[in-house]
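**Student:** My questions all concern the structure below.
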Amino acid sequence: MTKVIDQTLFTAIHDVIVRELRPARIVRVDVARDLDHDGDPILRIKIVFEAENDRLNPTAVRGLIRNLREALIPLDVNEFPMFNFATVKEDAAAAA
């Protein structure tokens, strides 16, 4: 039961991801509202990236939820972000 999000919310999420995960190149971000296995509202966020050795900076990844939640407060968005990361190669293989 995923729901489409509006452009303002997408832009806020995308901008935080691009800023926080530098120097990785963010190829695509998919975002949808959904429910977790307990029925709680979440934001499902898939990040497709290119990075040296196909690895993101672990410190940046650890801080991503905190930084994203701070950016969502002014938008009155309370859903918890759930991330899925994929390299370009992994994303292409999954689509095949």
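The values are calculated or read from the model by the stated rules, or taken from the named source; none is laboratory data. This one's a predicted model, so the numbers in the text were calculated from it and none came from an experiment. Cβ: placed from backbone, ideal geometry, glycine included. Neighbour counts: every protein chain shown. Please note that ligands, DNA and RNA were not included when accessible areas were found on the heavy atoms of the full protein model with its side chains. Shrake-Rupley method; radii C 1.70, N 1.55, O 1.52, S 1.80 Å.
Results for (1) of a type in the set (A, V, I, L, M); (2) outside any helix (DSSP H, G or I), shown as yes or no for each residue.
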position	(1), (2)
Phe10	no, no
His14	no, no
Pro23	no, yes
Ile26	yes, yes
Gly39	no, yes
Thr59	no, no
Pro81	no, yes
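**Student:** Quick check on my filter: what residues within region 1-39 are open to solvent by 70 Å² or more (accessible area, probe 1.4 Å), modelled with pLDDT of 95 or more and acidic (Asp, Glu)?
**Tutor:** Scanning region 1-39 gives Asp15, Asp38.
**Student:** Kindly indicate which of Ala92, Ala86 is surrounded by 13 or more Cβ atoms within 10 Å (Cβ to Cβ) and farther than 18 Å from Asp15 by Cβ.
**Tutor:** Going through Ala92, Ala86 in turn, just one is surrounded by 13 or more Cβ atoms within 10 Å (Cβ to Cβ) and farther than 18 Å from Asp15 by Cβ: Ala86.
**Student:** Could you list, ordered by first residue, the pairs with Cβ atoms under 7 Å in which the first is in region 4-24 and without any contact (Cβ under 8 Å) to a residue 40 or more places away in the chain and the second is surrounded by fewer than 18 Cβ atoms within 10 Å (Cβ to Cβ) and small (Gly, Ala, Ser), at least 6 apart or interchain?
**Tutor:** Matching pairs, first to second residue: Val4/Ala32; Ile5/Ala32; Ala24/Ala51.
**Student:** Does region 52-59 include one or more residues that are under 16 Å from Asn78 (Cβ atoms), surrounded by fewer than 16 Cβ atoms within 10 Å (Cβ to Cβ) and at pLDDT below 95?
**Tutor:** Checking region 52-59: not a single residue is under 16 Å from Asn78 (Cβ atoms), surrounded by fewer than 16 Cβ atoms within 10 Å (Cβ to Cβ) and at pLDDT below 95.
**Student:** Need the failing condition index for Ile73 against (1) open to solvent by 30 Å² or more (accessible area, probe 1.4 Å); (2) within 14 Å of the chain's Cα centre (by Cα); (3) aliphatic (A, V, I, L, M), just the number.
**Tutor:** Answer for Ile73: the failing condition is (2).
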